[in-house]
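Q: Once you've had a glance at the structure underneath, I'll fire off some questions.
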Amino acid sequence: MTVTVNGLAFDEPARPGQCLRTWLRERGLTGVKKGCDTGDCGACTVHVDGVAVHSCLYPAVRADGREVTTVEGLADGDHLHPVQQRFLAAQGFQCGFCTAGFIMTTAALDAGQLADLPRAFKGNLCRCTGYRAIEDAVRGVKRVDDPGAGGTVGADVAAPAGPQVVTGTARFTFDVDPARSDVAHVKVLRSPHAHARIVEIDTGAALAVPGVHAVLTHHDAPMARFSTARHEHPEEDPYDTRVLDDVVRFVGQRVAAVVADTEAAAEAGCRAVVVHYEVLPAVFDPQAALRPDAPLVHDGGSNLVAQLHDEIGDVAAGLAGADVTWSGRFQTQRVQHVSLETHGALAWFDDDGRLTVRTSSQTPFLTRRALCSLFDLPPERLRVVTGRVGGGFGGKQELLVEDLVVLAALRTGRAVQLEHTREEQFTATTTRHPFTIGITVAGRRDGTLTALALDVVSDTGAYGNHGPAVMFHGCHESLAVYRCPNKRVDAVVAYTNTVPAGAFRGYGLGQVTFAVESALDELARRLGVDPVEFRERNVVRPGDRLLTPGGHADSDLGIASYGLDQCLAVIRAAAADPGADPFPDGWLVGQGTAIAMIATGPPGGHYADAEVTALPDGRYQVSVGTAEFGNGTSTVHAQLAAQALGTTPDRIVLRQSDTDLVGHDTGAFGSTGVVVAGQAVLLAARDLRAKLEAAEPAAGPLTGRGHWAGSPRSVSFNAHWFRVAVHPDTGEIRVLRSVHAADAGQVLNPMQCRGQIEGGIAQAIGAALYENLRIGPTGEVVTTTLRQYHVPTFADVPRTEVHFARTDDPIGPLGAKSMSESPFNPVAPALANAVRDATGVRLTDLPFSRDRVWLALAGSEAASGGPTVSS
């Protein structure tokens, strides 16, 4: 077959059944991405004879005699295509994994299609941006400052990797030299049972499959147990996991790993493995798991992973002294991260026998530490490298593939790679923790709170990674933001025989904030107090101690800067605007508000080291460990270094995320890319400047060094407001207006910070309205494709008005605070409060799908004898 690709003729056949995506990538065209292999995400979009197609669905043989254009061939020599120029000028991306697909789709649109972007982009997904930056790019809106213009900090400086992102040359995990023919592929055989003991594994037939080199089972794996969660202090998490175990505890758990020359051979080897199981009793409900007679997920006498029982003041007295009390039960669901780049890693040996792991991870240094411990490797014999990461959202703060590729490499002596399918992402990685939250709130007629009490059950799934910390964190700032004198928390984390939960944007706060903000809204209405005014009366003030059960010993956390009053003023102004939002007759209209507070870093230690070196050509090299996965830290680090050195960001060269080349970094999680790693970069740049100004003679290049330990910690604030319309006959919710106010301290890059907020809101809207990872009756995940799991599309996400408070934080670098996680947290309760205002019905279970809303409205109407609409 002969195919013309980007003007070059290829006379190379395709394998039987091969799709165009893999055929192109094998020829070095790595701008064509794998996001789903089902035609749902658009990351693999190319042009065939000028028509945009999803190359994962397009048979390679159909390209015979045709002209194929990929993002690498869209430019005219050194001149970018106009669409690439617009995406660069608007920074229409964050992680950039989806960007080539959006560019290729846009470049094929005619004028009529450009006028209807919701339809035009129905086949393209972005998980990071919230789509506003993408729309700006398509419309030709310029968002970035010209190089060197506007100084450094506070300017809309473009991402350093922008040109590579829009041309498809940015290197994600598997965008490596395709000429390497020695890389073996790892595929995983997974458990069909929720709980079983492996009695026997027969690997003979699998080893006889041509191309299979090894079949690894629990007999080959280290006996040591560990946690897949990555924290600076690993003892925070239960050590309950083996690389390969002889007991499986959820459907989808690893049973065996097959190493073969090709993916097809490895898959055939998996099918040939014969496993005999002793099926064990299983438990799928966390409340049932805590009963004395429940089947045990792990040995140890209990399914209780962690618990918190504590009280401040006297809740019983607070309830007795109240004029109104309200109690409710709230339920949050499993949500998948859906980072478009799935989990994956490669491992190979260099000429000295040293092992290198290239991985899609938020925590390269902690990953190296864990691998060295598991496999008894000295740190100098293992290098971990993270390229550009295609989204994370906490899901890649886990060790989920690296241990298997290291095991396979050590056992076979070969270079190996393991890349998850989209189905494996759903069934075998991690999710957001489902919470059940009982809450009681009480207050007086003067609008003051007298009691707040929580009863929380968190389902951590089959393994405890992040379970205790997510529960503790979820119960902390969600209560500490209010001045109520009487607070009580009773919270437990339980094992179940279901897919494990893990770190997810907000880290428990989104779940508990949903309940707290909904309950307080209900209390305010029953007290006859405006919900915004009720919050203004009861929120913490500058100088307050942040008191919450189980957390009042956090001596390093305080209100170093305060912008919540400004955020609430923005919301009050929005609520006072009657608006002119069009909506059809018969729809019910209402508005709602919610707030959230979050610490600007996790407790218990988060460390970063940085170096800044003066280069002979007048540029400066910044070496820092933080990974770039759309969080924008690369841009901010360049800005901070440039500000301290009196230069411009385009003269900063970055080295990142390579354990050989940079100092230790705990990881890019907990919103610490700016407040921890950024502070280390700033200190290093200042150290270098002092050395340069001293003009001391030096034998080599001058280097400044900085270290930051992530303590003390400040707090950030967010507030969200919606006006919505609800159709009483269908349950459909339409967002008419969306306003978000954020206290991010000194905003280092407004364009980028706004993008983080918009992306967090879009993800939260998905979790509030659509997304639900469903578990079947025997514990299996039944939501296994993007088509079954509703990630918000361009058509689903409203444009949000983003406002920044004006504050200056004395702890953060140049007054900045974190803002990547926190916009997620107030969205669901604000939406619930708006629906309550429109319909009179309190929604308590996420997501607010149309059927649930319709049933709630129908139940309310039946109970009252007619429709219930609040004024």
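The values are calculated or read from the model by the stated rules, or taken from the named source; none is laboratory data. Remember, it's a predicted structure, so these values are computed and weren't measured experimentally. Quick reminder, even Gly has a Cβ in these numbers, built from the backbone with ideal geometry, and neighbours come from all protein chains shown. Heavy atoms of the whole protein, side chains included, go into the accessibility calculation; ligands, DNA and RNA do not. Shrake-Rupley method; radii C 1.70, N 1.55, O 1.52, S 1.80 Å.
Q: Give the Debye-formula value of log10 I(q)/I(0) at each listed q (0.15, 0.21, 0.25 Å⁻¹), with one equal scatterer per alpha carbon of region 739-811, two decimals each.
A: After summing over all Cα pairs, the log10 values are -0.65, -0.91, -1.11.
Q: So, in nm, how far is label Leu57 from label Asp446 when the simple model puts each one 7 Å beyond its Cα toward the Cβ?
A: Once both label points are built, they end up 6.4 nm from each other.
Q: Moving on to the next point. Run lengths n ≥ 4 of DSSP H only: what is the helix-derived mean residue ellipticity at 222 nm for the chain, with -39500 (n - 2.57) per run over all residues, to the nearest 500? Intermediate results must be reported in sequence, preceding the final value.
A: Details: 24 runs with 229 residues, N = 871.
Helix-only estimate at 222 nm: -7500 deg cm²/dmol.
Q: For the pair Leu615/Arg655, report the inter-label distance in nm, with labels modelled 7 Å from Cα in the Cβ direction.
A: That separation, rounded to one decimal, is 1.1 nm.
Q: Quick one, what does Rg over Rh come out to for region 10-82 if you take C-alpha atoms and the Kirkwood Rh?
A: Numbers: Rg = 12.0 Å, Rh = 12.5 Å.
Using only Cα positions, Rg/Rh for region 10-82 is 0.95.
Q: Ratio of alpha-carbon Rg to the 2.2 N^0.38 Å globular estimate for region 602-710, to two decimals, please.
A: Dividing the Cα Rg of region 602-710 by 2.2 N^0.38 Å gives 1.00.
Q: Express the Stokes-Einstein translational diffusion coefficient of region 733-871 in µm² s⁻¹, to the nearest whole number, given a Kirkwood radius over alpha-carbon pairs, 25 °C and a viscosity of 0.890 mPa s. Write down the numbers at each step before the final one.
A: Numbers: Rh = 17.3 Å.
Approximately 142 µm²/s, per Stokes-Einstein.
Q: With the cut-off at 24 Å, tell me which of the pairs Lys34/Lys396; Lys34/Lys142; Lys691/Lys817 have Cα atoms farther apart than that.
A: Details: Lys34/Lys396 17 Å; Lys34/Lys142 29 Å; Lys691/Lys817 28 Å.
Over 24 Å Cα-Cα: Lys34/Lys142; Lys691/Lys817.
Q: If the cut-off is a Cα-Cα distance under 22 Å, which lysines reach Lys487, setting aside same-chain residues fewer than 8 apart in sequence?
A: none
Q: Measuring from centroid to centroid over Cα atoms, what is the spacing of region 311-332 and region 698-748 in Å?
A: Computed from Cα coordinates, the inter-centre distance equals 30 Å.
Q: Separate question: Residues of region 660-778: accessible area per residue at 1.4 Å, in Å²? Mind dumping the intermediate values first?
A: Working: 3710 Å² over 119 residues.
Using a 1.4 Å probe on heavy atoms only, each residue of region 660-778 averages 31 Å².
Q: Now for a separate question. How many percent of the alpha carbon pairs in region 550-627 exceed a separation of 22 Å? Display every interim value, and only then the final one.
A: Numbers: 1896 of 3003 pairs.
So the portion of pairs separated by more than 22 Å is 63 percent.
Q: Give me the Kirkwood hydrodynamic radius of region 473-622 in Å, from all C-alpha pairs, to one decimal place?
A: Details: mean 1/r = 0.0524 Å⁻¹.
Averaging 1/r across every pair of different Cα atoms and inverting gives 19.1 Å.
Q: Now a separate question. Quick one: in region 305-442, what % of C-alpha pairs are over 20 Å apart? Could you put the intermediate results ahead of the total?
A: Numbers: 5613 of 9453 pairs.
Result: 59 percent of Cα pairs exceed 20 Å.
Q: Return the distance in nm (one decimal) between the two label points of a simple spin-label model at Arg705 and Met1, each offset 7 Å from Cα along Cα→Cβ.
A: So the two model labels end up 5.6 nm from each other.
Q: A further question follows. Convex hull over the alpha-carbon atoms of region 41-144: what's its volume per residue in Å³? Walk me through the numbers before you get to the answer.
A: Working: hull volume 10.8 nm³, N = 104.
In region 41-144, the Cα convex hull volume per residue is 104 Å³.
Q: Carbon and sulfur: what percent of the chain's accessible surface (1.4 Å probe)?
A: Values: 15130 of 30140 Å².
Carbon and sulfur together cover 50 percent of it.
Q: Need one number: convex hull volume per residue for the chain, Cα atoms only, in Å³. Let's see the in-between values first.
A: Working: hull volume 145.2 nm³, N = 871.
Hull volume over Cα atoms, normalised by residue count, gives 167 Å³.
Q: How far, in nm, would the chain grow between Glu693 and His790 when pulled straight, counting 0.36 nm per residue and subtracting the alpha carbon separation?
A: Numbers: separation 97, 0.36 × 97 = 34.92 nm, distance 5.61 nm.
Gain in length upon complete extension: 29.3 nm.
Q: Where the centroid of each part is defined by its Cα atoms, how far is region 576-592 from region 361-438 in Å?
A: The two parts, judged by their Cα centres, are 47 Å apart.
Q: Full extension from Asp323 to Val274: what is 0.36 nm times the residue separation minus their Cα-Cα distance, to one decimal in nm?
A: Working: separation 49, 0.36 × 49 = 17.64 nm, distance 6.61 nm.
So the chain would gain 11.0 nm between Asp323 and Val274.
Q: Something else now. Can you run the Rg to Rh ratio on region 350-417? Use alpha carbon positions and the Kirkwood inverse-distance Rh. Walk me through the numbers on the way to the answer.
A: Working: Rg = 11.7 Å, Rh = 12.3 Å.
We get a ratio of 0.95 for region 350-417.
Q: What number, in nm² with one decimal, is the all-direction average of the projected area of the convex hull of the alpha-carbon atoms of region 167-212?
A: Working: hull surface 25.2 nm².
Across all orientations, region 167-212 yields a mean hull projection of 6.3 nm².
Q: Could you list log10 I(q)/I(0) for region 470-560 at q = 0.11, 0.14, 0.17, 0.26 Å⁻¹, which the Debye formula gives when each Cα is one point scatterer?
A: -0.38, -0.59, -0.83, -1.42
Q: I'm a student and want to see the number: the projected area of the Cα convex hull of region 92-192, averaged over all directions, in nm². Kindly include the intermediate steps, with their values, before the conclusion.
A: On the way: hull surface 44.1 nm².
For region 92-192, averaging the hull's shadow over all directions gives 11.0 nm².
Q: I would also like to ask the following. Along each principal axis of its Cα atoms, how long is region 786-864 end to end? Whole angstroms, biggest number first, please.
A: Per principal axis, max minus min of the Cα coordinates gives 57, 34, 20 Å.
Q: Let me ask another. Based on the alpha-carbon gyration tensor of region 442-522 and its eigenvalue square roots a ≥ b ≥ c, which shape applies: rounded if a/c is under 1.5, prolate if not and a/b is larger than b/c, or oblate? Provide the component values of the computation, followed by the final result.
A: Details: a/c = 2.80, a/b = 2.53, b/c = 1.11.
It is prolate, given that a/c is not under 1.5 and a/b is the larger ratio.
Q: Right, something else. From the gyration tensor of the Cα coordinates in region 610-659, what semi-axes in whole Å does the equivalent ellipsoid have, largest first, with each one equal to sqrt(5λ)?
A: 18, 13, 8
Q: With every protein chain present, what accessible area does Phe472 have (1.4 Å probe, heavy atoms only), rounded to the nearest 10 Å²?
A: Per-residue accessible area (Phe472): approximately 80 Å².
Q: While we're looking at this one, here's another question. Would you mind estimating how fast region 368-523 diffuses translationally, via Stokes-Einstein at 25 °C and 0.890 mPa s with the Kirkwood radius over Cα pairs, in µm²/s?
A: On the way: Rh = 18.3 Å.
Estimated diffusion coefficient is 134 µm²/s.
Q: Would you work out the charge dipole size for region 191-274 about its Cα centre, treating the Cβ of every Lys and Arg as +1 and the Cβ of every Asp and Glu as -1, and quote it to the nearest 20 debye?
A: Numbers: 7 positive and 13 negative charges, 45 e Å.
I would put it at about 220 debye.
Q: If you don't mind, another one. Leaving out ligands and nucleic acids, note down the accessible area per residue over region 120-239 with a 1.4 angstrom probe, in whole Å². Walk me through the numbers on the way to the answer.
A: Working: 4970 Å² over 120 residues.
So region 120-239 comes to 41 Å² accessible per residue, rounded to a whole number.
Q: Once the convex hull of the alpha carbons of region 212-341 is built, what does its volume come to per residue, in cubic angstrom? Could you put the intermediate results ahead of the total?
A: Details: hull volume 28.9 nm³, N = 130.
Looking at region 212-341, the number lands at 222 Å³ per residue.
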